[in-house]
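Working notes for the structure below.
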Amino acid sequence: MKSNLTTLCYIEKNSSYLMLHRTIKKNDINKDKWIGVGGHFETGESPEDCLLREVREETGLTLTSFRFRGLITFLSDNDPAEYMCLYTADGFTGTVTACDEGHLEWVEKEQVRNLNLWEGDMIFLKLLADEAPFFSLKLIYRNGRLVTRILDGKPIC
């Protein structure tokens, strides 16, 4: 069984984020969505261990500079809760390689909101853009639709 602990990273270069268009993986809750890169913790991993491994596996890049930006709690219908450690990274070595979960593309930060994103992703992407201090965001989805948003313990619109 997969861990309900995950990481997600938005890798930055020249005012762009490296985005993953999830088109390949079968039975994918993120099918056709654009997301950052990351995935599930393996046994014994710290958030940073998971981040570095997942970024390397999905992109071929090795991160050299990254920041832990927030904790996102996802609740959705009958799925178990997911706790996601959110990062940004602005330093890396290597060259982007093909990903077996979809297509990787550098997208201008101003254009990211025009992609097919989860509604909750737009909230934390705005927090990242606004350089919000470390935050906790709880997102509750029902039937694939965002119904509740709670930022640092307080409901938001």
Exercise for the section: Select the strands (runs of 3 or more DSSP E) contained entirely in the stretch 1-112, then report the ones holding at least 2 residues which are open to solvent by 30 Å² or more (accessible area, probe 1.4 Å) and touching a residue at least 40 places away in the same chain (Cβ under 8 Å). Expected result: 5-13, 62-76, 79-93, 102-108
Problem - Of all residues in the stretch 115-140 being of a type in the set (Phe, Trp, Tyr) and at pLDDT 95 or above, the one that is surrounded by the most Cβ atoms within 10 Å (Cβ to Cβ) - result: Phe124
Practice task
State all residues of the stretch 36-66 that are of a type in the set (Gly, Ala, Ser) and within 13 Å of the chain's Cα centre (by Cα); if no residue qualifies, say none.
Solution key: Gly36, Gly38, Gly39
Problem - Which listed residue, of Leu125, Leu146, is touching a helix residue (DSSP H, G or I) at 6+ places or on another chain (Cβ under 7 Å) and under 23 Å from Glu12 (Cα atoms) - result: Leu125
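The values are calculated or read from the model by the stated rules, or taken from the named source; none is laboratory data. Quick caveat: nothing in here was measured; it's all calculated off a predicted structure. A quick note on method: Cβ atoms are made from the backbone with ideal geometry, for glycine too, and the neighbour counts reach across all protein chains shown. We work out accessible area using only protein heavy atoms, side chains counted, and drop any ligands, DNA or RNA first. Shrake-Rupley method; radii C 1.70, N 1.55, O 1.52, S 1.80 Å.
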